[in-house]
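Structure first, then comments.
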Amino acid sequence: MKRFLKALLCLTIAFSFVISFNCFAADPGMVGNSVIKIKKPETYTSTTSQKEYYISGVTSSGVVVSVYRYNPFTNSFNLLYVDGKAAVQTAGASGLIAQKIYLTDGNNKIRIRTYSPDGTVTILEVNITLNVLSLSDIQSSPIDIRKAIGA
Amino acid sequence: MNKRTELLKSTLLALLVATSVVLFANSWSGRPGSGENENLITQFASAVGLGGFLNNEISLTSGTDVISPVSIIYTSGAKRIIFNKGTDMYNSVYGNILSVLLCAENVTHNEKVPSSEWYSAQKTQGIYLNYGVSFKRGVFEKGTGCPLPEEIKNVSAVILTSNDSATNKLVIYIYDYTEGEFYKLLTSVSARTVEKLLSDADGYTNIPIAEELGFSTDSEINRQIVIDGNAVINLEQQKLQNISFKSVSGGFSALDNRNVNFLLSLFDMSKSSAKQYADIDGTMYIDTYGTLRFSEKESVSVLEFNAAKETHGVSLENNSQGGEIFYDILYTGYSKARAVSEIFETDNLSFYIASNITTPDENGYTVQLDYVSEGVPVFATEEGTETHAVTMKFNLSGELIYYRQYLFELSPGNGYSNIPGVLDAINLVYSAIGTNEEPIHIKDISACYKLNEAKAEACLCVITGKNDKIYTIPSNNTE
């Protein structure tokens, strides 16, 4: 009987570990947290050839979303200004958010900050690398390449 | 006795010759006509004094005008150029694209593909043709002259791409919105045909589609809202030129005799048999088989035809025996709308098809058209709700039993209006629909004009749901 109870206890502990891991492990396929789901970029680390880039996502109505970029010279994140406007948006009824940003060559460490009406603040970071002439460029836009080499 | 017989024979011969001449003229005037044939008959008609009448009929429509995309989008990398129907730029590129589309004759292989492959093709490089509605395959084939594999039921959008690096051949993707299916057609034609068109174009800008922003999949935080992945999401604030509109006034009395006769003939009526009446709602012609009324609704003139019986309406002009009757219906309807516009001199507006041309319902066929001015759709309103420019109903035999067309003229006004951003518009629609109806499906979002209380308002149109309900969000300020 004791053995049976011990085995049951062990099983329960093992299960609780598995369940807790499942609850708290980040879903590698989804960028986001309990407040905002980022639709683009689709992963925490991504590469693009587009200098003009859109970050999009969905959150709840009233949540203020602001976008920052890491500045390695000052070791700080600065709020982005795009075409003279601060990259700050308040989600409307649909909760959809889309923010245009201009990427710089190389890695762009982007911080997305949410501020909910109840005062909750969340922060998540994504890395977007801008490759101006990557292999994917050559494959996806041969026309530009032809123009570039004067063919 | 012999003389009487000869006279009888001569009279009969003369009658036969006259009949054959009339039938010859009729049969030629009813068909689309092109090139040399059209010139011949036009010259002949002019010679016998029927030039104006026949010109009206012949110059109306070609199949490729009827089955033409609402918008054409060139994609190179993530950059795009949009050509909307009703603009000079559209007209300049459409002919070349049509010749590429005809390459479907050289299909070597076809297969169903997942939506991900369609969107992948959308994002690389190619030409996207958005028809706005679904056309039954037979209708599409007859209108464009482009043959398609039998597996395809309907065509709603097409991508012509050179994205098959393995073969470097033209690949055609077909989207059947009604069935939710995607097809890939491999051809034996060089991909260079598409590449040349794309490289010749200038003015590419970064305009995303909903799929690229992830808006075509369900949200997990909020109530479900899904935007068709193909919808262009122009997040920049757009400016639209202000326009003024003038309703067509005077009705039948403003038309000369020739145009009244022509108008009546479009509805199988004639001035000799139809009686003209006037009542509080407008003026009308009543014939044995129907009523043609000219009236004014909410500051906009309307021409309306009602057949006396649903079983006996206006017959098709080019009924192709045993062919695709829905094409003949569409062609007839489209031609009539163009002819009516010419008669009332409102022909600076183009049309596009606004209802699916797939299968008839139990009562018959419905065809709806919308106006487009310089690439921007224009909607009249009825009791505050956006309505289609032309609505036609045909019975199951293909006879026209109901016709309604709004008639107005548009002219450029002063200044510009700032129309709302796409996300602002979606939020307003989301709030307007309320919380009971879910999920919300948005089919398309684009700039439009709405005629309201004798004004033409610049708006952002959001088309939702399967019944294509249109929400218009008016501009917030003008300059």
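The values are calculated or read from the model by the stated rules, or taken from the named source; none is laboratory data. Because the structure is predicted, anything quoted here is derived from the model rather than measured. Neighbour counts run over all protein chains shown; Cβ positions are idealised from the backbone, glycine included. SASA here: full protein model, heavy atoms, side chains in, ligands and nucleic acids out. Shrake-Rupley method; radii C 1.70, N 1.55, O 1.52, S 1.80 Å.
Brief remarks follow.
- For the stretch B:429-441, the criterion of being at pLDDT 85 or above and within 30 Å of B:SER249 (Cβ to Cβ) is met by no residue.
- Residue within the stretch B:89-105 that is open to solvent by 10 Å² or more (accessible area, probe 1.4 Å), within 28 Å of B:PHE351 (Cβ to Cβ) and of a type in the set (Phe, Trp, Tyr) present: yes
- Within the stretch B:380-390, none of the residues are touching a Leu at 6+ places or on another chain (Cβ under 8 Å) and more than 28 Å from B:THR87 (Cβ to Cβ).
- Remark: B:ASP361 falls outside the filter, which requires a residue to be closer than 30 Å to B:VAL93 by Cα, without any contact (Cβ under 8 Å) to a residue 12 or more places away in the chain and open to solvent by 20 Å² or more (accessible area, probe 1.4 Å).
- Qualifying residue in the stretch B:231-249 (condition: without any contact (Cβ under 8 Å) to a residue 24 or more places away in the chain, assigned by TED's automatic domain parsing to the domain that holds B:ALA456, in a loop (DSSP other than H, G, I, E, B) and among the hydroxyl-bearing types (Ser, Thr, Tyr)): no
- Test: residue in the stretch B:284-291 that is within 14 Å of another protein chain (Cβ to nearest Cβ), at pLDDT below 85 and more than 28 Å from B:ASP347 (Cβ to Cβ): no
- Residue tally, condition of a type outside the set (Val, Ile, Thr) and within 16 Å of the chain's Cα centre (by Cα), over the stretch A:64-78: 5
- Within the stretch B:129-185, tally of residues that are of a type in the set (Phe, Trp, Tyr) and farther than 18 Å from B:LEU330 by Cβ: 4
- Sub-6 Å Cβ pairs linking a first residue in the stretch B:109-137 that is more than 20 Å from B:ASP200 (Cα to Cα) to a second residue that is open to solvent by less than 50 Å² (accessible area, probe 1.4 Å) and among the acidic types (Asp, Glu), at least 6 apart or interchain, are B:TYR119/B:GLU211, ordered by first then second residue.
- Only residues that are open to solvent by 40 Å² or more (accessible area, probe 1.4 Å) and under 16 Å from the mean Cα position of the chain (by Cα) were counted across the stretch A:37-63, and they come to 7.
- Screening A:LEU80 with (1) open to solvent by less than 50 Å² (accessible area, probe 1.4 Å); (2) farther than 30 Å from B:ILE442 by Cα; (3) within 13 Å of chain B (Cβ to nearest Cβ) gives one miss only, at (3).
- Count of the stretch B:91-126 residues which are under 17 Å from B:GLY63 (Cβ atoms) and either of a type outside the set (A, V, I, L, M, F, W, C) or not assigned by TED's automatic domain parsing to the domain that holds B:VAL194 (or both): 5
- Pairing residues of the stretch B:64-75 that are within 9 Å of B:LEU129 (Cα to Cα) with residues that are in a helix (DSSP H, G or I) and open to solvent by 10 Å² or more (accessible area, probe 1.4 Å), at Cβ distances under 7 Å and at least 6 apart in sequence or on separate chains, gives B:SER68/B:TYR94; B:ILE72/B:VAL93; B:ILE72/B:TYR94.
- Test for B:ILE280: is it under 29 Å from B:ASN130 (Cβ atoms) and of a type in the set (A, V, I, L, M): no
- Test result for B:VAL189, away from every other protein chain (no Cβ under 14 Å) and over 26 Å from B:TYR131 (Cβ atoms): no
- Residue within the stretch B:284-302 that is surrounded by 16 or more Cβ atoms within 10 Å (Cβ to Cβ), within 22 Å of B:LYS136 (Cα to Cα) and not charged (D, E, K, R) present: no
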